[in-house]
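The values are calculated or read from the model by the stated rules, or taken from the named source; none is laboratory data. The structure displayed is predicted, hence computed values, not measured ones. Glycine also receives a Cβ, built like all others from the backbone with ideal geometry; neighbour counts cover every protein chain displayed. For accessibility, only protein heavy atoms count, side chains too; no ligands or nucleic acids. Shrake-Rupley method; radii C 1.70, N 1.55, O 1.52, S 1.80 Å.
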Amino acid sequence: MMGKLGGKATDTWACSNDNIMHDVFISYRQEQQQQQIVLTLSRALEQHYGVVSPIHTFVDVKCLRVGEDWSAGFMKGLANSRMVLLMCSEVALEKVLESDKKPDNMFLEWEMALSRATAKSPVVVPVFLGKLGEDKTITPFRNFSVERFPDTVPCHSKSLKNRTVREIMADVYRLQGIRASDIEYIER
């Protein structure tokens, strides 16, 4: 069984939209502002950039099947994606600081994406999100010092456990990313 994009899938798994392959996997922290941004970004990619050829985005709330093991579902979606966007916000990174003590699914997605990126697939792009204030102004993303992150391995049971949280975050920061502190798609 082949994906709608003609790429080779890792198996016959398909998301709830019956897509086997995804052009873009969007990894984000489950919090209201980020989910709104991610869904808007997903729609924009599919509608505006998928005019000639459809673009399929993997966003957990759109693609995971009801009753499916959600951890297995997002791992399959990640494995069958050509690009991964890591949505980095201050709120998202605060929880990464404890990923050596508390399992963190978003950080697991980042770890797995980076481990696969060494083989040149998928392309991994961090998107550094500014913070939307109550007055609708946006404070640009401020860099976190890599030294703040634990120098121990993540505790998630599905982690590769071959690199520390700090090493993984250093790799995220080394990637050419997008600063999105003035994103037009945020509803003001």
Select from Asp23, Asp60, Asp151 the residue whose mean-square fluctuation is largest in a Gaussian network model of the chain (Cα-Cα springs shorter than 10 Å).
Asp151
Cysteines having no other Cys beta carbon under 4.7 Å from their own, within the chain
Cys88, Cys155
Figure the gain on full extension for Lys62 and Thr139 (residue separation times 0.36 nm, minus the Cα-Cα span) and round it to one decimal in nm.
24.9 nm
How would Arg142, Arg65 rank on accessible area, largest to smallest, probe 1.4 Å?
Arg142, Arg65
Please state the shape class of the chain: rounded when a/c is under 1.5, otherwise prolate if a/b exceeds b/c and oblate if not, all from the C-alpha gyration tensor.
oblate
What's the tally of Lys pairs in the chain whose alpha-carbon atoms lie under 21 angstrom apart, where the two lysines are 8 or more places apart or on different chains?
15
On average, how much accessible surface per residue is there in the chain, in Å², for a 1.4 Å probe, leaving out ligands, DNA and RNA?
52 Å²
Considering the options Thr40, Val172, Met87, tell which one lies farthest towards the positive end of the dipole of the chain, charges being +1 on Lys and Arg and -1 on Asp and Glu at the Cβ, about the Cα centre.
Val172
Tell me the accessible surface of Lys102 in square angstrom (1.4 angstrom probe, heavy atoms of protein chains only), to the nearest ten.
120 Å²
How high is the relative contact order of region 66-188, given as a whole-number percent (alpha carbon pairs under 8 Å, six or more residues apart)?
29 percent
Dipole magnitude (debye, nearest 20) for region 23-125, charges at Cβ of Lys, Arg, Asp, Glu
300 debye
Quick one: compute the contact order of region 23-68, relative version, from alpha carbon pairs under 8 angstrom and 6+ residues apart, as a percent.
47 percent
Among Gly133, Gly177, Gly73, which one shows the highest mean-square fluctuation when the chain is modelled as a Gaussian network with alpha-carbon springs under 10 Å?
Gly133
Based on alpha-carbon centroids, what's the gap between region 126-183 and region 39-93 in Å, whole number please?
18 Å
Please name whichever of Ile55, Asn143, Gln30 sits farthest to the positive end of the charge dipole of the chain, dipole taken about the Cα centre and charges placed at Cβ: Lys and Arg +1, Asp and Glu -1.
Ile55
How large is the dipole of region 128-169 about the Cα centre if only Lys and Arg carry +1 and Asp and Glu carry -1, each at its Cβ, rounded to the nearest 20 debye?
160 debye
Suppose every K and R has +1 on its Cβ and every D and E has -1 on its Cβ; what is the size of the dipole of the chain about the Cα centre, in Debye to the nearest 20?
400 debye
What order do Leu175, Leu132 take when sorted by accessible area (1.4 Å probe), most exposed first?
Leu175, Leu132
